[in-house]
C-alpha cells in the first residue's frame, strides 16, 4: 500500500530475527526509508492517535497531485487533519490500521 501510494519499492527485509520480521520500503535514491516490523511473540494491535503522522513534503505541484491521486487509488482514505496546519498546503490520508500520513506541497527546510 505504501509502496504503490508513494511510488516506492521494497528495499530489504528480514524474517525471524530473534522473533521479529520486517520490511524496509522507500525510494532507492532517497536518504531515508520506512521500516515496518512485527513481533511473533508479542502481537500489538494498532492504536494510532490523531497526531501519529508520517509527513512528506513534495515540492513539485504535479508530483504532489499525482501522489495524492495514487494514495486514494491504492486504498488510503483522505481524512480531515486534527492539526489545521496540515490542511493549508497538504492532504492527510489514513491507512487500513488508522495511521495518518500527510503529503504537503512545499519544500521542507531545516531551521
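Listing for the model above:
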item	result
Residue match in region 69-91 (condition: at positive phi and within 12 Å of the chain's Cα centre (by Cα))	no
Subset tally (residues that are in contact with a strand residue (DSSP E or B) (Cβ under 9 Å, 6 or more places away or on another chain) and either at pLDDT below 95 or not in a loop (DSSP other than H, G, I, E, B) (or both)) for region 72-83	4
Residue check, residue 43 at pLDDT below 95, outside any strand (DSSP E or B) and over 15 Å from residue 101 (Cα atoms)	yes
Criterion: in contact (Cβ under 8 Å) with a residue 60 or more places away in the chain and loosely packed, with under 15 Cβ neighbours inside 10 Å - qualifying residue of 96, 17, 41	96
Filter pass, residue 69 being outside the structural domain of residue 19 (by TED's automatic domain parsing), loosely packed, with under 12 Cβ neighbours inside 10 Å, at pLDDT 95 or above and in contact with a helix residue (DSSP H, G or I) (Cβ under 8 Å, 6 or more places away or on another chain)	no
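The values are calculated or read from the model by the stated rules, or taken from the named source; none is laboratory data. Keep in mind the model is a prediction, meaning the values are calculated, not measured. Neighbour counts are summed over all protein chains in view; Cβ atoms, including those assigned to glycine, are modelled from backbone coordinates with ideal geometry.
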